[in-house]
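All remarks here apply to the structure that follows.
Nothing in this text is a laboratory measurement; each read-out follows from the coordinates by a stated rule. Just so we're clear, the structure is a prediction, and the values are computed from it rather than from any experiment. Cβ: placed from backbone, ideal geometry, glycine included. Neighbour counts: every protein chain shown.
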Amino acid sequence: MRSHDRYTEVFLEMLQRASTQLPDDVVAALRRGRDLEEDGSLAQKALDTILMNVDLAREQTAPICQDTGTPVVWVHHPVGVSTRLIENSMIEAVQRATARQYLRPNAVHTLTGKNTGTGSGAGIPSLHFQEWDHPEVEVRLILKGGGSENVGSQHKLPDNRLGAGRDLEGVRRVVLDALVQAQGKGCAPGTLGICIGGDRVSGYEESKRQLLRRLEDTNPIPELARLEERIFREGNELGIGPMGFGGKTTLLGVKIGTLDRLPACYFVTISYMCWAGRRAGVSISEGGDVTWLS
Amino acid sequence: MAELKLPVSEDEIRALHVGDAVELTGRMITGRDAAHKWLIEAFREDVAPYLKDTVIYQCGPVVRKNPDGSYVFVAAGPTTSIREEPYEADVMCRYGLRGVIGKGGMGPKTLAGLERCGGVYFHAVGGAAQVLAHAVKKVERVFMLEEFGVPEALWVIDVARFPVMVTMDSHGRSLHDEVDAASREKLKELLALEA
Ligand code: SF4
């Protein structure tokens, strides 16, 4: 049964997994980066520390990073399922995960500066719902840390300073420039989620949704696949490196999606996910059975 | 990795250079925004001995209190340093600090302070909350806990083999400035290719 209690239980486990177990594709990318860096370099030492930290967190079921971020959640549900039920269950799961220290109390009242203490607050967690034709409820989330959220940015094309027009070459230019502006801030190496098009709201949402993709997947749209590959390669050639120490590993991945746009607008929206690229997913059947998604 | 014992002398600190990786062992103190401001507002006699010849760790830890009243660091990664740029050089020179631990590097005022007063900027690995918390062996005491709350309080801690990298030294070098300049050059090259 997909009851409040069942949802809450499943979501709590999902939050615990997300906070304490880094996905295998992210770990593999960190290891590849580590082996590419020069022996004894600061870049390699930083990646060694990160990998040690990832193992320790998994062994001890402790948060990978003390900033457990904002849970950003996408839900697919069949017709007739109450989205309010799912939302309330997720809020309760966040509160319970916070009480158990899988999450840090991370919601601060914007005017008073007071921490709610529960992990939840106005707009936190952040949920997005979409109805679909399948009988399952599918829930996927990322934990988006503050340091990485601070380096996200939205750009308007054309951009004369960069010689960036309203095409994929223009996108490439603003993204590489944004990477240089951010340097190692937001705990590099990280992954770029990018949305081309949309408006100022939908662009950010889509750019974050791109961060749900596995690092090794291939974009089904060939020209976007080529652009992802190129920005990945050139981004790593910039030499910013882990933590901005210099080195070959600045990016772990680049993921690009598109939305249609107004004729007058051409936005490029970039969300950045730090090395602690925490995500989790679950599919819940009508009977309440659970399949974990990677 | 070379080990560096705290407290540390000015000579030992001046012998360090950008690119050195060291492990710190001994006593240090934590402090972030509220602490830096407070240390500058007046000379804090009671805390001063805990700053002299050691380093300040810019960190807002997650701390657990044991039933016997003692504390344990549960997660302890560095916070972004640049927010303390207006204060750090003054805190360092006034209290005889030998360095700072943080992430992301700092600006020209701090770099000049490192040179003038004999200090270094140590970069800890951002997000490595578990590795760094495990290097904290003991919480000795805490200042301003009531007033500032857990993350902002000044925690006096004993660490063992706490891993850090020197990214700004007392000889005027900043790895952050160097990487920034080199990546901007490379960007120009990449963008000009298509021009
Ligand atoms: S940017 Fe990521 S790894 Fe760094 S402190 Fe924030 S959440 Fe942690």
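Can you give the mean number of other chain Cβ atoms that lie within 10 Å of the Cβ atoms in peptide B:128-141? Walk me through the numbers before you get to the answer.
Numbers: counts 16, 12, 15, 10, 3, 4, 5, 0, 0, 0, 0, 0, 0, 0.
That works out to 5 on average.
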Fill in: With Cα atoms, 0 to 90° folded angle of helix B:175-192 axis to chain B main axis
40
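Any idea what the dipole of region B:2-192 comes to, in debye rounded to 20, about its Cα centre with Lys/Arg Cβ at +1 and Asp/Glu Cβ at -1?
Approximately 320 debye in magnitude.
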Fill in: Cα gyration tensor, the protein assembly as shown - rounded (a/c under 1.5), prolate or oblate
oblate
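Report, in listed order, any pair from A:Lys156/B:Lys109; A:Lys156/A:Lys185; B:Lys5/B:Lys37 with a Cα-Cα distance greater than 25 Å.
Details: A:Lys156/B:Lys109 34 Å; A:Lys156/A:Lys185 22 Å; B:Lys5/B:Lys37 28 Å.
Violating the 25 Å Cα-Cα cut-off are A:Lys156/B:Lys109; B:Lys5/B:Lys37.
To the nearest 0.05, how large is the calculated FRET efficiency for B:Lys52 and B:Ala15 if R₀ is 25 Å and r is the Cβ-Cβ distance? Intermediate values should be presented prior to the final figure.
Values: r = 19 Å, r/R0 = 0.77.
My answer for the efficiency is 0.85.
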Worksheet item: So what is the calculated 222 nm ellipticity per residue for chain B, using -39500 (n - 2.57) for each DSSP H run with n of 4 or more, over all residues, to the nearest 500 deg cm²/dmol?
Response: -9000 deg cm²/dmol
Worksheet item: In nm, to one decimal, how far is the B:Glu178 label point from the B:Glu3 one, both placed 7 Å along Cα→Cβ?
Response: 2.8
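When the Cα atoms of region B:37-185 are enclosed in a convex hull and the volume is divided per residue, what value in Å³ results?
On the way: hull volume 16.5 nm³, N = 149.
About 111 Å³ per residue, rounded to a whole number.
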Worksheet, complete the sentence: Between the Cα axis of helix A:200-209 and the main Cα principal axis of chain A, the angle (0 to 90°, nearest 10) is 80
Practice prompt. Relative to the longest principal axis of the C-alpha atoms of chain A, give the angle of the C-alpha long axis of helix A:83-99, reported between 0 and 90° and rounded to the nearest 10°.
Written response: 80
